[in-house]
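See structure below.
The values are calculated or read from the model by the stated rules, or taken from the named source; none is laboratory data. Keep in mind that what you see is a predicted model, and the values were worked out from it rather than measured. As a convention, Cβ positions derive from the backbone with ideal geometry for all residues, glycine included, and neighbour counts pool all protein chains shown.
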Amino acid sequence: MTTLAADRAIEHLMTLHPKGFDLSLDRITRLLERLGNPQDRLPPVIHIAGTNGKGSCAAFARALLEAAGHLVHVHTSPHLVNWHERYRLAAEGGGKLVDDHVFAEAIARVAKANGGQKITVFEILTAVTFILFSEHPAEAAIIEVGLGGRFDATNVIERPAVSVIMPISMDHEAYLGDRVELIAAEKAGIMKRGCPVVIGAQESETALEVLIETAERLDCPTVVYGQDFLAFEENGRMVYQDEDGLMDLPLPRLPGRHQFANAAAAIAAVKAAGFEIGHRAAEKAMAQVAWPARMQKLSQGRLVDLAPKGSEIWLDGGHNPGAGVVIAEALAEQEEKNPRPLILISGMINTKDQSGYFSAFKGLARHVYTVPVSKSDAGVPNDELALRATEAGLSAEPVSSVASALMLLRDSWDGPAPRILIGGSLYFAGAVLDENGTPPT
(Lines give C-alpha, C1' and ligand atoms only; values in the text may rest on other atoms or scores of the structure.)
Protein backbone atom coordinates (compact mmCIF):
# COMPACT_ATOMS: atom_id res chain seq x y z
CA MET A 1 0.00 0.00 0.00
CA THR A 2 1.40 3.41 -0.93
CA THR A 3 2.04 5.67 2.06
CA LEU A 4 1.04 9.12 0.96
CA ALA A 5 2.64 11.97 2.91
CA ALA A 6 6.22 11.43 1.72
CA ASP A 7 5.06 10.54 -1.82
CA ARG A 8 3.11 13.80 -2.03
CA ALA A 9 6.13 15.75 -0.78
CA ILE A 10 8.40 14.14 -3.40
CA GLU A 11 5.86 14.70 -6.19
CA HIS A 12 5.75 18.39 -5.20
CA LEU A 13 9.56 18.60 -5.29
CA MET A 14 9.54 17.10 -8.77
CA THR A 15 7.40 19.95 -10.01
CA LEU A 16 9.95 22.44 -8.64
CA HIS A 17 13.25 20.83 -9.59
CA PRO A 18 14.68 19.25 -12.77
CA LYS A 19 14.45 15.52 -13.32
CA GLY A 20 17.49 13.32 -13.56
CA PHE A 21 21.11 13.86 -12.54
CA ASP A 22 23.39 16.90 -12.65
CA LEU A 23 26.74 15.51 -11.59
CA SER A 24 28.37 17.97 -9.20
CA LEU A 25 28.92 18.14 -5.45
CA ASP A 26 28.51 21.92 -5.09
CA ARG A 27 24.76 21.99 -4.49
CA ILE A 28 24.65 19.02 -2.09
CA THR A 29 27.63 20.43 -0.14
CA ARG A 30 25.91 23.80 0.22
CA LEU A 31 22.67 22.18 1.35
CA LEU A 32 24.38 19.90 3.88
CA GLU A 33 26.20 22.88 5.40
CA ARG A 34 22.82 24.50 6.00
CA LEU A 35 21.69 21.30 7.70
CA GLY A 36 24.73 21.19 10.00
CA ASN A 37 26.67 18.59 7.94
CA PRO A 38 24.82 15.45 9.09
CA GLN A 39 27.05 13.34 6.79
CA ASP A 40 29.87 13.90 9.31
CA ARG A 41 27.83 12.31 12.13
CA LEU A 42 27.17 8.88 10.62
CA PRO A 43 28.14 5.49 12.05
CA PRO A 44 30.91 3.67 10.09
CA VAL A 45 29.95 3.80 6.40
CA ILE A 46 30.27 1.01 3.83
CA HIS A 47 30.09 3.00 0.56
CA ILE A 48 29.33 0.89 -2.54
CA ALA A 49 29.79 1.84 -6.22
CA GLY A 50 29.83 -0.25 -9.42
CA THR A 51 27.75 -1.00 -12.50
CA ASN A 52 26.26 -4.34 -11.43
CA GLY A 53 25.92 -6.02 -8.06
CA LYS A 54 25.82 -2.91 -5.84
CA GLY A 55 22.41 -3.76 -4.42
CA SER A 56 23.25 -7.43 -3.90
CA CYS A 57 26.47 -6.47 -2.10
CA ALA A 58 24.48 -4.09 0.12
CA ALA A 59 21.95 -6.85 0.86
CA PHE A 60 24.71 -9.33 1.79
CA ALA A 61 26.51 -6.73 3.94
CA ARG A 62 23.28 -5.95 5.77
CA ALA A 63 22.56 -9.66 6.29
CA LEU A 64 26.09 -10.27 7.63
CA LEU A 65 26.04 -7.36 10.07
CA GLU A 66 22.53 -8.07 11.32
CA ALA A 67 23.32 -11.78 11.73
CA ALA A 68 26.26 -10.69 13.91
CA GLY A 69 23.87 -8.63 16.04
CA HIS A 70 24.65 -5.14 14.72
CA LEU A 71 22.19 -2.31 14.10
CA VAL A 72 22.44 -1.24 10.45
CA HIS A 73 21.06 1.57 8.27
CA VAL A 74 20.84 0.88 4.51
CA HIS A 75 20.40 3.34 1.64
CA THR A 76 19.81 1.91 -1.85
CA SER A 77 18.44 3.29 -5.11
CA PRO A 78 16.35 3.22 -7.12
CA HIS A 79 13.25 1.98 -5.34
CA LEU A 80 10.91 -0.56 -6.92
CA VAL A 81 7.42 0.39 -5.72
CA ASN A 82 7.68 3.01 -2.93
CA TRP A 83 10.28 5.71 -2.24
CA HIS A 84 10.48 4.44 1.34
CA GLU A 85 12.42 1.35 0.16
CA ARG A 86 15.51 3.56 -0.26
CA TYR A 87 15.79 4.09 3.51
CA ARG A 88 16.02 1.12 5.85
CA LEU A 89 16.60 2.28 9.42
CA ALA A 90 18.32 0.15 12.03
CA ALA A 91 16.07 -1.75 14.44
CA GLU A 92 16.40 -4.63 16.87
CA GLY A 93 15.72 -7.85 15.00
CA GLY A 94 16.49 -6.28 11.61
CA GLY A 95 16.17 -2.91 9.86
CA LYS A 96 12.76 -1.53 8.88
CA LEU A 97 11.72 0.72 6.00
CA VAL A 98 11.38 4.31 7.19
CA ASP A 99 8.00 5.30 8.66
CA ASP A 100 6.06 7.63 6.42
CA HIS A 101 5.74 10.48 8.94
CA VAL A 102 9.48 10.34 9.78
CA PHE A 103 10.33 10.38 6.06
CA ALA A 104 7.93 13.22 5.22
CA GLU A 105 9.22 15.35 8.11
CA ALA A 106 12.84 14.87 6.99
CA ILE A 107 11.94 15.81 3.39
CA ALA A 108 10.20 18.97 4.63
CA ARG A 109 13.25 19.96 6.71
CA VAL A 110 15.66 19.45 3.84
CA ALA A 111 13.45 21.28 1.33
CA LYS A 112 13.14 24.22 3.76
CA ALA A 113 16.90 24.35 4.25
CA ASN A 114 17.40 24.37 0.46
CA GLY A 115 15.25 27.48 0.26
CA GLY A 116 14.14 26.94 -3.33
CA GLN A 117 17.66 27.03 -4.76
CA LYS A 118 18.58 25.04 -7.87
CA ILE A 119 19.05 21.38 -6.98
CA THR A 120 17.95 17.92 -8.14
CA VAL A 121 15.41 15.78 -6.30
CA PHE A 122 18.05 13.03 -5.94
CA GLU A 123 20.30 15.50 -4.10
CA ILE A 124 17.48 16.45 -1.74
CA LEU A 125 16.74 12.79 -1.09
CA THR A 126 20.43 12.08 -0.49
CA ALA A 127 20.49 14.84 2.12
CA VAL A 128 17.43 13.13 3.65
CA THR A 129 19.54 9.94 3.90
CA PHE A 130 22.17 11.76 5.94
CA ILE A 131 19.55 13.42 8.18
CA LEU A 132 17.83 10.09 8.90
CA PHE A 133 21.04 8.09 9.37
CA SER A 134 22.63 10.70 11.66
CA GLU A 135 19.56 11.04 13.91
CA HIS A 136 18.74 7.35 14.43
CA PRO A 137 21.25 5.18 16.31
CA ALA A 138 23.12 2.46 14.42
CA GLU A 139 26.50 0.74 14.40
CA ALA A 140 26.95 0.81 10.62
CA ALA A 141 25.51 2.50 7.54
CA ILE A 142 25.52 0.87 4.10
CA ILE A 143 25.20 3.52 1.39
CA GLU A 144 24.85 2.67 -2.30
CA VAL A 145 26.02 5.18 -4.89
CA GLY A 146 23.24 6.47 -7.17
CA LEU A 147 25.20 7.09 -10.40
CA GLY A 148 28.92 6.95 -11.08
CA GLY A 149 30.87 7.81 -7.95
CA ARG A 150 33.10 10.86 -8.13
CA PHE A 151 30.27 13.38 -8.49
CA ASP A 152 27.45 11.30 -7.03
CA ALA A 153 25.57 13.13 -4.26
CA THR A 154 26.50 10.39 -1.76
CA ASN A 155 30.21 11.13 -2.29
CA VAL A 156 30.48 13.74 0.46
CA ILE A 157 31.47 11.15 3.08
CA GLU A 158 35.04 12.12 3.95
CA ARG A 159 36.17 9.01 5.84
CA PRO A 160 34.20 5.88 4.88
CA ALA A 161 34.98 2.74 6.86
CA VAL A 162 35.42 1.08 3.46
CA SER A 163 34.81 1.94 -0.20
CA VAL A 164 33.61 -0.98 -2.32
CA ILE A 165 33.79 -1.09 -6.13
CA MET A 166 31.60 -3.81 -7.61
CA PRO A 167 31.80 -5.09 -11.24
CA ILE A 168 32.12 -2.34 -13.83
CA SER A 169 30.71 -2.50 -17.36
CA MET A 170 29.26 -0.10 -19.91
CA ASP A 171 26.26 1.82 -18.57
CA HIS A 172 25.17 5.48 -18.29
CA GLU A 173 27.70 6.37 -21.02
CA ALA A 174 26.13 9.82 -21.50
CA TYR A 175 27.17 10.73 -17.94
CA LEU A 176 30.22 8.57 -17.26
CA GLY A 177 32.08 8.15 -20.56
CA ASP A 178 32.06 5.68 -23.44
CA ARG A 179 35.08 3.56 -22.44
CA VAL A 180 35.28 1.17 -19.51
CA GLU A 181 38.41 2.88 -18.14
CA LEU A 182 36.56 6.22 -17.99
CA ILE A 183 33.67 4.59 -16.15
CA ALA A 184 36.12 2.89 -13.77
CA ALA A 185 37.77 6.24 -13.04
CA GLU A 186 34.38 7.75 -12.15
CA LYS A 187 33.51 4.83 -9.86
CA ALA A 188 36.98 5.00 -8.25
CA GLY A 189 36.11 8.57 -7.25
CA ILE A 190 34.54 7.26 -4.02
CA MET A 191 37.95 6.10 -2.76
CA LYS A 192 39.33 8.37 -0.02
CA ARG A 193 43.00 8.75 0.92
CA GLY A 194 44.08 6.11 3.43
CA CYS A 195 40.62 4.53 3.74
CA PRO A 196 40.20 0.78 3.04
CA VAL A 197 39.06 -0.31 -0.43
CA VAL A 198 37.49 -3.59 -1.55
CA ILE A 199 37.51 -4.28 -5.29
CA GLY A 200 34.92 -6.85 -6.34
CA ALA A 201 35.16 -9.25 -9.29
CA GLN A 202 35.98 -7.32 -12.48
CA GLU A 203 35.48 -8.70 -15.99
CA SER A 204 37.61 -5.95 -17.51
CA GLU A 205 41.37 -6.00 -16.85
CA THR A 206 41.45 -2.35 -17.92
CA ALA A 207 38.88 -1.41 -15.26
CA LEU A 208 40.75 -3.42 -12.64
CA GLU A 209 44.02 -1.65 -13.48
CA VAL A 210 42.39 1.78 -13.11
CA LEU A 211 40.90 0.81 -9.74
CA ILE A 212 44.14 -0.63 -8.34
CA GLU A 213 46.21 2.34 -9.59
CA THR A 214 43.78 4.79 -7.97
CA ALA A 215 43.81 2.93 -4.66
CA GLU A 216 47.62 2.79 -4.67
CA ARG A 217 47.89 6.51 -5.45
CA LEU A 218 45.63 7.27 -2.46
CA ASP A 219 47.52 4.88 -0.13
CA CYS A 220 44.34 2.88 0.48
CA PRO A 221 44.67 -0.55 2.13
CA THR A 222 43.18 -2.63 -0.70
CA VAL A 223 41.86 -6.17 -1.12
CA VAL A 224 41.05 -7.43 -4.60
CA TYR A 225 38.73 -10.26 -5.62
CA GLY A 226 40.71 -13.14 -7.13
CA GLN A 227 43.94 -11.97 -5.51
CA ASP A 228 43.20 -11.40 -1.81
CA PHE A 229 39.81 -13.06 -1.45
CA LEU A 230 37.46 -15.19 -3.51
CA ALA A 231 34.45 -17.53 -3.32
CA PHE A 232 33.68 -20.75 -5.17
CA GLU A 233 31.25 -23.64 -5.10
CA GLU A 234 32.35 -26.99 -3.72
CA ASN A 235 30.13 -29.97 -2.90
CA GLY A 236 26.96 -27.87 -3.03
CA ARG A 237 28.40 -25.27 -0.62
CA MET A 238 30.00 -21.85 -1.05
CA VAL A 239 33.58 -21.57 0.15
CA TYR A 240 34.89 -18.08 0.99
CA GLN A 241 38.67 -17.69 1.22
CA ASP A 242 40.92 -14.83 2.30
CA GLU A 243 44.17 -14.40 4.25
CA ASP A 244 42.35 -15.43 7.45
CA GLY A 245 41.48 -18.84 5.97
CA LEU A 246 38.36 -20.58 4.66
CA MET A 247 34.68 -20.32 5.53
CA ASP A 248 32.51 -23.23 4.37
CA LEU A 249 29.03 -21.72 3.95
CA PRO A 250 25.61 -22.68 2.55
CA LEU A 251 24.87 -21.51 -0.98
CA PRO A 252 23.48 -17.95 -0.85
CA ARG A 253 19.71 -17.60 -0.88
CA LEU A 254 20.12 -15.29 -3.90
CA PRO A 255 20.41 -17.64 -6.92
CA GLY A 256 23.09 -17.51 -9.58
CA ARG A 257 26.82 -18.16 -9.51
CA HIS A 258 27.50 -14.41 -9.80
CA GLN A 259 26.15 -14.03 -6.27
CA PHE A 260 29.19 -15.90 -4.89
CA ALA A 261 31.40 -12.97 -5.90
CA ASN A 262 28.85 -10.46 -4.57
CA ALA A 263 28.69 -12.30 -1.24
CA ALA A 264 32.49 -12.48 -1.10
CA ALA A 265 32.80 -8.72 -1.71
CA ALA A 266 30.35 -8.08 1.13
CA ILE A 267 32.24 -10.35 3.54
CA ALA A 268 35.53 -8.65 2.61
CA ALA A 269 33.93 -5.21 2.96
CA VAL A 270 32.42 -5.88 6.38
CA LYS A 271 35.78 -7.21 7.61
CA ALA A 272 37.69 -4.27 6.09
CA ALA A 273 35.28 -1.90 7.86
CA GLY A 274 36.44 -3.37 11.17
CA PHE A 275 33.61 -5.77 12.00
CA GLU A 276 34.24 -9.35 13.05
CA ILE A 277 32.00 -11.86 11.30
CA GLY A 278 32.01 -15.32 12.80
CA HIS A 279 31.23 -18.51 10.91
CA ARG A 280 27.79 -18.87 12.46
CA ALA A 281 26.77 -15.30 11.52
CA ALA A 282 28.03 -15.79 7.96
CA GLU A 283 26.03 -19.03 7.64
CA LYS A 284 22.89 -17.30 8.91
CA ALA A 285 23.44 -14.37 6.52
CA MET A 286 23.72 -16.61 3.43
CA ALA A 287 20.45 -18.33 4.39
CA GLN A 288 18.52 -15.12 5.14
CA VAL A 289 19.76 -12.56 2.59
CA ALA A 290 16.99 -11.01 0.49
CA TRP A 291 17.10 -8.56 -2.42
CA PRO A 292 13.86 -7.98 -4.37
CA ALA A 293 13.80 -8.09 -8.18
CA ARG A 294 17.24 -9.68 -8.46
CA MET A 295 16.53 -13.23 -9.61
CA GLN A 296 13.52 -13.17 -7.29
CA LYS A 297 11.28 -16.20 -7.59
CA LEU A 298 7.61 -15.22 -7.72
CA SER A 299 5.48 -17.99 -6.24
CA GLN A 300 2.21 -16.15 -5.58
CA GLY A 301 0.31 -13.02 -6.58
CA ARG A 302 -2.16 -11.66 -9.10
CA LEU A 303 0.16 -11.98 -12.11
CA VAL A 304 1.49 -15.38 -11.07
CA ASP A 305 -2.09 -16.70 -11.12
CA LEU A 306 -2.34 -15.84 -14.85
CA ALA A 307 0.63 -17.98 -15.95
CA PRO A 308 0.42 -21.53 -17.31
CA LYS A 309 -0.11 -23.97 -14.45
CA GLY A 310 3.16 -25.09 -12.87
CA SER A 311 5.23 -22.27 -14.39
CA GLU A 312 8.45 -21.19 -12.68
CA ILE A 313 8.57 -17.38 -12.67
CA TRP A 314 11.65 -15.23 -12.04
CA LEU A 315 11.85 -11.45 -11.79
CA ASP A 316 15.07 -9.52 -12.38
CA GLY A 317 15.61 -5.79 -12.88
CA GLY A 318 19.02 -6.16 -14.57
CA HIS A 319 19.09 -3.90 -17.62
CA ASN A 320 22.49 -3.80 -19.34
CA PRO A 321 24.61 -6.34 -21.28
CA GLY A 322 26.67 -7.22 -18.18
CA ALA A 323 23.52 -7.97 -16.21
CA GLY A 324 22.10 -9.92 -19.15
CA VAL A 325 25.12 -12.23 -19.09
CA VAL A 326 24.89 -13.04 -15.36
CA ILE A 327 21.10 -13.53 -15.53
CA ALA A 328 21.45 -15.82 -18.54
CA GLU A 329 24.14 -17.79 -16.71
CA ALA A 330 21.89 -18.14 -13.66
CA LEU A 331 19.05 -19.39 -15.86
CA ALA A 332 21.40 -21.79 -17.67
CA GLU A 333 22.26 -23.24 -14.23
CA GLN A 334 18.55 -23.71 -13.55
CA GLU A 335 18.21 -25.37 -16.97
CA GLU A 336 20.95 -27.88 -16.07
CA LYS A 337 19.24 -28.79 -12.81
CA ASN A 338 15.66 -28.79 -14.10
CA PRO A 339 15.16 -28.38 -17.88
CA ARG A 340 12.19 -26.20 -18.93
CA PRO A 341 11.49 -24.01 -21.97
CA LEU A 342 12.54 -20.40 -21.21
CA ILE A 343 10.22 -17.50 -22.09
CA LEU A 344 11.17 -13.84 -21.60
CA ILE A 345 8.72 -11.03 -20.82
CA SER A 346 10.77 -7.88 -21.24
CA GLY A 347 10.38 -4.13 -20.79
CA MET A 348 13.31 -1.72 -21.08
CA ILE A 349 14.11 1.98 -21.07
CA ASN A 350 15.78 3.88 -23.89
CA THR A 351 19.05 4.68 -22.10
CA LYS A 352 20.09 1.01 -22.12
CA ASP A 353 21.70 -1.24 -24.76
CA GLN A 354 18.65 -3.39 -25.48
CA SER A 355 20.20 -5.59 -28.19
CA GLY A 356 23.24 -6.14 -25.97
CA TYR A 357 21.00 -7.28 -23.13
CA PHE A 358 18.99 -9.65 -25.35
CA SER A 359 22.06 -11.16 -27.02
CA ALA A 360 22.97 -12.88 -23.73
CA PHE A 361 19.84 -15.06 -24.11
CA LYS A 362 20.48 -16.25 -27.68
CA GLY A 363 20.17 -20.04 -27.80
CA LEU A 364 18.60 -20.09 -24.32
CA ALA A 365 15.24 -18.29 -24.64
CA ARG A 366 12.55 -19.82 -26.83
CA HIS A 367 10.50 -16.63 -27.24
CA VAL A 368 10.30 -13.01 -26.03
CA TYR A 369 7.16 -10.98 -25.31
CA THR A 370 8.02 -7.27 -25.23
CA VAL A 371 5.83 -4.89 -23.20
CA PRO A 372 5.76 -1.16 -22.42
CA VAL A 373 7.30 0.14 -19.16
CA SER A 374 4.44 1.97 -17.45
CA LYS A 375 6.52 3.55 -14.65
CA SER A 376 8.97 5.46 -16.85
CA ASP A 377 8.48 8.02 -19.60
CA ALA A 378 11.76 6.70 -21.07
CA GLY A 379 10.25 3.28 -21.83
CA VAL A 380 11.03 1.76 -25.23
CA PRO A 381 7.83 1.15 -27.27
CA ASN A 382 7.03 -2.56 -27.24
CA ASP A 383 7.21 -2.92 -31.06
CA GLU A 384 10.64 -1.26 -31.15
CA LEU A 385 11.86 -3.48 -28.31
CA ALA A 386 10.68 -6.57 -30.21
CA LEU A 387 12.86 -5.43 -33.14
CA ARG A 388 15.89 -5.12 -30.80
CA ALA A 389 15.27 -8.67 -29.53
CA THR A 390 14.95 -9.94 -33.11
CA GLU A 391 18.23 -8.20 -34.04
CA ALA A 392 19.84 -10.14 -31.17
CA GLY A 393 18.67 -13.40 -32.76
CA LEU A 394 15.58 -14.07 -30.66
CA SER A 395 11.98 -14.82 -31.62
CA ALA A 396 9.94 -11.86 -30.33
CA GLU A 397 6.53 -10.20 -30.44
CA PRO A 398 5.10 -7.06 -28.80
CA VAL A 399 2.13 -7.33 -26.41
CA SER A 400 0.33 -4.71 -24.35
CA SER A 401 1.18 -5.83 -20.79
CA VAL A 402 2.70 -8.53 -18.59
CA ALA A 403 -0.80 -9.79 -17.82
CA SER A 404 -1.52 -10.07 -21.55
CA ALA A 405 1.73 -11.96 -22.14
CA LEU A 406 0.99 -14.42 -19.33
CA MET A 407 -2.60 -15.02 -20.51
CA LEU A 408 -1.47 -15.41 -24.13
CA LEU A 409 1.13 -17.91 -22.98
CA ARG A 410 -1.39 -19.78 -20.84
CA ASP A 411 -3.95 -20.02 -23.63
CA SER A 412 -1.46 -21.18 -26.27
CA TRP A 413 0.99 -23.24 -24.25
CA ASP A 414 1.33 -26.93 -25.03
CA GLY A 415 4.15 -28.79 -23.34
CA PRO A 416 6.05 -28.86 -20.04
CA ALA A 417 5.39 -25.85 -17.77
CA PRO A 418 7.76 -23.05 -18.83
CA ARG A 419 10.38 -21.09 -16.94
CA ILE A 420 9.51 -17.39 -17.33
CA LEU A 421 11.91 -14.47 -16.81
CA ILE A 422 10.22 -11.09 -16.37
CA GLY A 423 12.77 -8.27 -16.54
CA GLY A 424 14.88 -5.73 -18.40
CA SER A 425 14.49 -2.69 -16.13
CA LEU A 426 14.19 -1.91 -12.43
CA TYR A 427 11.28 0.43 -13.25
CA PHE A 428 9.60 -2.45 -15.02
CA ALA A 429 10.36 -4.89 -12.18
CA GLY A 430 8.86 -2.44 -9.68
CA ALA A 431 5.68 -2.13 -11.73
CA VAL A 432 5.45 -5.93 -11.87
CA LEU A 433 5.81 -6.30 -8.08
CA ASP A 434 3.15 -3.62 -7.60
CA GLU A 435 0.73 -5.23 -10.06
CA ASN A 436 1.41 -8.66 -8.57
CA GLY A 437 0.53 -7.34 -5.10
CA THR A 438 3.96 -8.27 -3.65
CA PRO A 439 5.87 -4.98 -2.99
CA PRO A 440 9.17 -5.06 -1.04
CA THR A 441 8.87 -4.84 2.76
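Among the residues of the stretch 322-344, those that are within 17 Å of THR390 (Cβ to Cβ) and in contact with a Gly (Cβ under 8 Å, 6 or more places away or on another chain) comprise GLY324, LEU344.
ASN52 falls short on exactly one of the conditions (1) surrounded by fewer than 19 Cβ atoms within 10 Å (Cβ to Cβ); (2) in contact with a helix residue (DSSP H, G or I) (Cβ under 6 Å, 6 or more places away or on another chain); (3) assigned to a loop (DSSP other than H, G, I, E, B), and that condition is (1). Listed by position, the helices (runs of 4 or more DSSP H) contained in the stretch 274-381 that have at least 1 residues being more than 23 Å from the chain's Cα centre (by Cα) and over 18 Å from LEU80 (Cβ atoms) are 279-288, 321-337.
The residue that is surrounded by the most Cβ atoms within 10 Å (Cβ to Cβ), among those in the stretch 120-149 that are closer than 19 Å to ALA58 by Cα and among the charged types (D, E, K, R), is GLU144. For the stretch 388-402, a residue qualifies if it is at negative phi, out of contact with any strand residue (DSSP E or B) (no Cβ under 8 Å at 6 or more places or on another chain) and surrounded by fewer than 17 Cβ atoms within 10 Å (Cβ to Cβ), and the qualifying residues are GLU391, SER400. Considering each residue of the stretch 105-133, count those that are among the hydrophobic types (A, V, I, L, M, F, W, C) and more than 24 Å from PRO43 (Cβ to Cβ), and give that number. Going through the stretch 105-133 one residue at a time, the tally reaches 4. Comparison of ASN350, ASN338, ASN262 shows that the only residue that is surrounded by fewer than 21 Cβ atoms within 10 Å (Cβ to Cβ), over 26 Å from SER401 (Cα atoms) and polar (S, T, N, Q) is ASN338. Selection of the stretch 228-259 for residues being surrounded by 21 or more Cβ atoms within 10 Å (Cβ to Cβ) and farther than 18 Å from LYS337 by Cα yields PHE229, ALA231, TYR240, LEU249.
Yes or no, residue by residue, for (1) closer than 26 Å to VAL223 by Cβ; (2) modelled with pLDDT of 95 or more:
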residue	(1), (2)
ILE267	yes, yes
ALA282	yes, yes
ARG294	yes, no
GLY301	no, yes
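Out of PHE275, PHE260, one residue alone is among the aromatic types (Phe, Trp, Tyr) and within 15 Å of HIS70 (Cβ to Cβ). It is PHE275. For the stretch 353-374, taking the residues that are of a type in the set (Ser, Thr, Tyr) and surrounded by fewer than 24 Cβ atoms within 10 Å (Cβ to Cβ), the one that is farthest from LEU387 (Cα to Cα) is identified as SER374.
A quick yes/no check of all residues on (1) crowded, with 22+ Cβ neighbours inside 10 Å; (2) more than 17 Å from the chain's Cα centre (by Cα); (3) at pLDDT 95 or above:
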| position | (1), (2), (3) |
| --- | --- |
| PRO43 | no, yes, yes |
| HIS47 | yes, no, yes |
| HIS75 | yes, no, yes |
| HIS79 | no, no, no |
| ASN82 | no, no, no |
| ALA90 | yes, yes, yes |
| PHE103 | yes, yes, yes |
| ARG109 | no, yes, yes |
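Restricted to the stretch 71-107, and to residues there that are among the aliphatic types (A, V, I, L, M), touching a residue at least 24 places away in the same chain (Cβ under 8 Å) and assigned to a loop (DSSP other than H, G, I, E, B), the residue that is farthest from GLY317 (Cα to Cα) is LEU71. Note on the stretch 182-233: among residues that are part of a loop (DSSP other than H, G, I, E, B) and touching a residue at least 40 places away in the same chain (Cβ under 8 Å), the one that is farthest from ASP244 (Cα to Cα) is GLU203.
The set of residues from the stretch 246-259 being closer than 18 Å to LYS297 by Cα and either among the hydrophobic types (A, V, I, L, M, F, W, C) or assigned to a helix (DSSP H, G or I) (or both) comprises LEU251, LEU254, HIS258, GLN259. The one condition from (1) among the charged types (D, E, K, R); (2) over 28 Å from PRO78 (Cα atoms); (3) in contact (Cβ under 8 Å) with a residue 60 or more places away in the chain; (4) out of contact with any helix residue (DSSP H, G or I) (no Cβ under 8 Å at 6 or more places or on another chain) that ARG410 does not meet is (4). Please verify whether GLY424 is crowded, with 21+ Cβ neighbours inside 10 Å, in contact (Cβ under 8 Å) with a residue 60 or more places away in the chain and at positive phi, treating the condition exactly as stated. Here the answer is yes, as GLY424 does meet what is asked.
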